[in-house]
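Peer 1: Structure in structure tokens, see below.
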Amino acid sequence: IAYCLDRNEFVRQYTGGYGAVAHSFYGLAQWEYQDSIDWINENLNTYEMNVESAIELLEADGWTLGEDGQPYSGEGVRYKEVDGELRPLIIEWAASEDNPVADLLATMLPANMEAAGMQLNTTTMDFTTLQNAIMHTGDKIYNMYNLATGIPVQNNLWYFYSKDPAWMQGGYN
């Protein structure tokens, strides 16, 4: 999916040209990013939009069949045999309503995903329902969500590695 999104164009459209793509957990101005920028640029796959690369990965993972079980023709949804059953490459996306990020993703992703042989089914919901979907408490299982976090000026890794039960419940650890 990452190869199906032009991240630079996404950031340009979302921020009106005033943003930049960060290839890490950190913001561009944080010391953690600044101290590691050379290593990140040399070692990190930045997933530049490339539908052919997406196709190569899908084929390497076995998504090489069509709906009839014959080799994939290049049209429609790809299939893969899993536990003796032919399964389609359908991504169920739980997107929050009134969310400009989700709206922009909904305009930028589907055509490239279809070109790679994936089907994107989007269900828009309020944030409470989205949180329940993440916890798999509803009737339907989703396998794609878009969420965000703020990037603090000072990053404290204690929140992510603490054994304090209060923080472990909050999704940090």
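Peer 1: Name the residue farthest towards the positive end of the dipole of the chain from the options MET118, CYS4, TYR33, assuming +1 on Cβ of Lys and Arg, -1 on Cβ of Asp and Glu, about the Cα centre.
Peer 2: TYR33
Peer 1: Moving to a separate point now. Could you work out the local net charge near GLU97, counting Lys and Arg as +1, Asp and Glu as -1, over the other residues with Cβ closer than 11 Å to its Cβ?
Peer 2: Combined, the nearby Lys, Arg, Asp and Glu give -3.
Peer 1: Looking at the stretch 79-136, what % of its DSSP beta bridges pair antiparallel, to the nearest 5?
Peer 2: 35
Peer 1: Return the FRET efficiency for the residue pair ASN41, MET144: r is the Cβ-Cβ distance, R0 is 30 Å, and the value is rounded to the nearest 0.05.
Peer 2: Result of the calculation: an efficiency of 0.60.
Peer 1: Applying a 10 Å radius around every beta-carbon, put 132-144, 55-67 in order of their mean neighbour count, most first.
Peer 2: So the order, starting with the most tightly packed, is 55-67, 132-144.
Peer 1: Ignoring any ligand, DNA or RNA, what whole percent of the accessible area of the chain comes from carbon and sulfur when the probe is 1.4 angstrom?
Peer 2: Accessible surface attributable to carbon and sulfur in the chain totals 51 percent.
Peer 1: Only one of the values [x] -0.77, -0.91, -1.40; [y] -0.57, -0.67, -1.11; [z] -0.76, -0.88, -1.28 was calculated from this structure for log10 I(q)/I(0) by the Debye sum over Cα atoms at q = 0.12, 0.13, 0.17 Å⁻¹; name its label.
Peer 2: [z]
Peer 1: So, R0 is 35 Å and r is the distance between the beta-carbons of THR64 and GLN34; what FRET efficiency does that work out to, to 0.05?
Peer 2: 0.20
Peer 1: Just to check I understand the Karplus step: with θ = phi - 60° and J = 6.51 cos²θ - 1.76 cosθ + 1.60, what whole-Hz values come out for the stretch 89-106, glycine and proline as x?
Peer 2: 8, 10, 9, 9, 10, 9, 10, 7, 6, 6, 10, x, 5, 4, 4, 5, 4, 5
Peer 1: So how do 87-100, 107-120, 33-46 stack up, highest first, on mean other-Cβ count within 10 Å?
Peer 2: 107-120, 87-100, 33-46
Peer 1: Which value, in debye to the nearest 20, describes the size of the charge dipole of the chain about its Cα centre when Lys and Arg Cβ atoms bear +1, Asp and Glu Cβ atoms bear -1, and nothing else is charged?
Peer 2: In total the dipole reaches around 480 debye.
Peer 1: Now a separate question. I want the antiparallel fraction of DSSP beta bridges within the chain, as a percent rounded to 5.
Peer 2: Counting DSSP beta bridges with both partners in the chain, the antiparallel share is about 40 percent.
Peer 1: Give the accessible surface of the chain per residue, rounded to a whole number of Å², with probe radius 1.4 Å and ligands, DNA and RNA excluded.
Peer 2: Ligands and nucleic acids excluded, the result is 66 Å² per residue.
The values are calculated or read from the model by the stated rules, or taken from the named source; none is laboratory data. Every value quoted in this text rests on a predicted model; they were computed, and no experiment measured them. When we count neighbours, we look across all protein chains shown, and the Cβ atoms used for this are built from the backbone with ideal geometry, even at glycine. Heads up: the accessible areas ignore ligands, DNA and RNA and are worked out on the full protein's heavy atoms, side chains in. Shrake-Rupley method; radii C 1.70, N 1.55, O 1.52, S 1.80 Å.
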